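Peer 1: Shown below is the structure under consideration.
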Amino acid sequence: MRRSRIVRSIALLAAPAAALIAFAAPAAAATVRYVALGDSYSSGVGAGSYISASGSCLRSTKAYSQLWANAHAPASYVSVACSGAKTTDVTASQVSALSGTTTLVSISVGGNDLGFATVMQDCVLYSTTTCVNELNAAENTARTSLPGWLDTTYNAIRAHAPNARVVVLDYPRFYHDKWYCVGLSSTDRNKINEAADVLDGVISAAATRHGFAFADVRAAFGNGHEICDSGSWLHSVDWTDLVQSYHPTAAGQSGGYLPAFTAKA
């Protein structure tokens with residue numbers, strides 16, 4: 001009898017604990033109010049399945065922010081990320097989506113400030129000399145001007161969402177430089193990767209200055225998922241849909257960006 005009473009007592013004590021464990025995760029998720037900011041890498045260009053109401057911003061249901069929201073069921077979620085956005089666009093038209101109740105923010109921005117689309121277009125269409133010269137100019141802008149532009153945008157994010165955890169995501173290197181990688185020269189490809197590293201370094205430093213979390217996607221894409229890898233998560237130049245050129249595929253969003261964001265959220 002004594003043993004059965006002890007067993008019953010343990011069971012009675014365990015029941016509330018089990019209930020607490022069962023409901024802890026959903027309760028925590030229910031308090032999250034998440035806003036996604038940024039450019040095409042955050043809106044999901046290249047992933048397909050675009051939301052018609054997003055118009056030219058090309059927000060995808062397969063973007064990492066939407067995938068995270070689907071998995072975690074936050075109290076609220078909205079993406080105002082937009083294809084082509086620069087730091088000034090985020091400051092002028094996106095941070096208004098934030099508020100004192102926002103608890104989580106994600107952002108990728110900076111590539112368009114360096115003329116990302118034009119530089120990649122010129123690297124494809126013109127000589128290696130043109131490509132390298134434009135990338136050198138972009139790197140110089142990244143080192144000299146982008147830090148201040150990012151500071152202005154990050155300050156605006158903090159001012160509008162003083163209580164939020166902010167996760168800053170960067171950009172992948174594009175190319176695994178293999179001898180059978182057709183199209184751009186090896187010099188072009190290596191220089192493009194170098195420029196990506198310069199840009200990501202500036203973004204990382206700015207995130208650290210502002211106390212934001214930094215999510216680096218380069219290792220995930222570099223593990224067999226760059227252009228010219230058989231399992232690439234990136235579109236190369238796409239003459240049938242130029243907008244999605246050099247953007248992550250749906251697999252890049254789910255396999256590269258989502259895990260990097262989830263680890264820091």
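We did not get these values from a lab; they are worked out from the coordinates using the rules stated. This is a predicted model, so every value here is computed, not measured. Quick reminder, even Gly has a Cβ in these numbers, built from the backbone with ideal geometry, and neighbours come from all protein chains shown.
Peer 1: Ordered by packing density, taken as the mean number of other Cβ atoms within 10 Å over each peptide's residues, highest first, how do 91-97, 256-262 rank?
Peer 2: Peptide ranking by packing, descending: 256-262, 91-97.
Peer 1: Quick check on segment 117-196: take the gyration tensor over C-alpha atoms, sort the square-rooted eigenvalues as a ≥ b ≥ c, and tell me if it's rounded (a/c under 1.5), prolate or oblate.
Peer 2: prolate
Peer 1: What residue among Pro147, Thr240, Ser60 has its Cα farthest toward the positive end of the dipole of the chain, where the charges are +1 on Lys, Arg and -1 on Asp, Glu, each on the Cβ?
Peer 2: It is Ser60, whose Cα lies furthest towards the positive end.
Peer 1: Now a separate question. Looking at segment 21-173, I'd like the Rg to Rh ratio, where Rg is from alpha-carbon atoms and Rh is Kirkwood's inverse mean 1/r.
Peer 2: With Rg and the Kirkwood Rh in hand, the quotient comes to 1.04.
Peer 1: Also, quick follow-up: Based on DSSP H runs of at least 4 residues, each adding -39500 (n - 2.57), what is the mean residue ellipticity at 222 nm of the chain after dividing by all its residues, to the nearest 500 deg cm²/dmol?
Peer 2: Mean residue ellipticity, 222 nm, calculated: -14500 deg cm²/dmol.
Peer 1: OK, next. Sequence-distant or interchain residues sharing an amide H contact under 5 Å with Ser79, placed H: which?
Peer 2: Answer set, sorted by chain and number: Ala36.
Peer 1: Quick one: check the C-alpha center-to-center distance for segment 38-53 versus segment 67-111, whole angstrom.
Peer 2: With segment 38-53 and segment 67-111 each reduced to a Cα centre, they are spaced 13 Å.
Peer 1: Using a Gaussian network for the chain with springs between C-alpha atoms less than 10 Å apart, which of these wobbles most: Ala53, Ala164, Ala215?
Peer 2: Ala53
Peer 1: Cut-off is 10 Å between beta-carbons; in what order do Arg218, Arg33 appear when sorted fewest neighbours first?
Peer 2: Fewest-to-most Cβ neighbours within 10 Å comes out as Arg218, Arg33.
Peer 1: May I ask you to sort Leu199, Leu125 by Cβ crowding, counting other Cβ atoms within 10 Å and putting the fewest first?
Peer 2: Final ranking by Cβ density, sparse to dense: Leu125, Leu199.
Peer 1: Counting other beta carbons within 10 Å of each residue's own, what order do Glu139, Glu194, Glu226 fall into, fewest first?
Peer 2: Glu194, Glu139, Glu226
Peer 1: How big is the Cα convex hull of the chain in projection, averaged over all directions, in nm²?
Peer 2: 17.7 nm²
Peer 1: OK, next. Starting from the amide H of Ala215, placed 1.01 Å from N in the peptide plane, find each other amide H under 5 Å away whose residue is 5 or more places distant or on another chain.
Peer 2: Val168, Leu169, Asp170
Peer 1: Continuing with this model, one more query. Amide H of His247: which non-local residues (sequence gap of 5 or more, or other chain) have their own amide H closer than 5 Å, using H built in the peptide plane?
Peer 2: It is His235, by chain and number.
Peer 1: When DSSP assigns beta bridges and you keep just the ones with both residues in the chain, what percent turn out antiparallel, to the nearest 5?
Peer 2: 10 percent
Peer 1: What list of ³J(HN,Hα) values in whole Hz, one per residue of segment 62-69 in order, does the Karplus curve 6.51 cos²θ - 1.76 cosθ + 1.60 (θ = phi - 60°) give from phi, with Gly and Pro shown as x?
Peer 2: 9, 5, 4, 5, 5, 5, 5, 4
Peer 1: About the Cα centre of segment 37-175, how large is the charge dipole given +1 on each Lys and Arg Cβ and -1 on each Asp and Glu Cβ? Please answer in debye to the nearest 20.
Peer 2: 400 debye
Peer 1: For the chain, modelled as a Gaussian network with Cα springs under 10 Å, which listed residue fluctuates most, Gly222, Gly46, Gly211?
Peer 2: For the chain, modelled as a Gaussian network with Cα springs under 10 Å, the answer is Gly211.
Peer 1: Would you work out which of Leu258, Ala137, Gly44 lies farthest towards the positive end of the dipole of the chain, given +1 charges on the beta-carbon of Lys and Arg and -1 on that of Asp and Glu, about the Cα centre?
Peer 2: With unit charges placed on the Cβ atoms, the residue in question is Leu258.
Peer 1: Report, in whole Å, the centroid distance computed from the Cα atoms of segment 211-265 and segment 144-176.
Peer 2: 18 Å
Peer 1: Okay, moving on. Residue by residue through segment 242-256, what is 3J(HN,Hα) from phi via Karplus (6.51 cos²θ - 1.76 cosθ + 1.60, θ = phi - 60°)? Round to whole Hz and write x for glycine and proline.
Peer 2: For segment 242-256, the Karplus-derived couplings read 4, 4, 7, 4, 6, 10, x, 6, 4, 5, x, 5, 7, x, x Hz, x marking Gly and Pro.
Peer 1: In percent, what relative contact order does segment 60-204 have, based on Cα pairs under 8 Å that are 6 or more apart in sequence?
Peer 2: Computed value for segment 60-204: 31 percent relative contact order.
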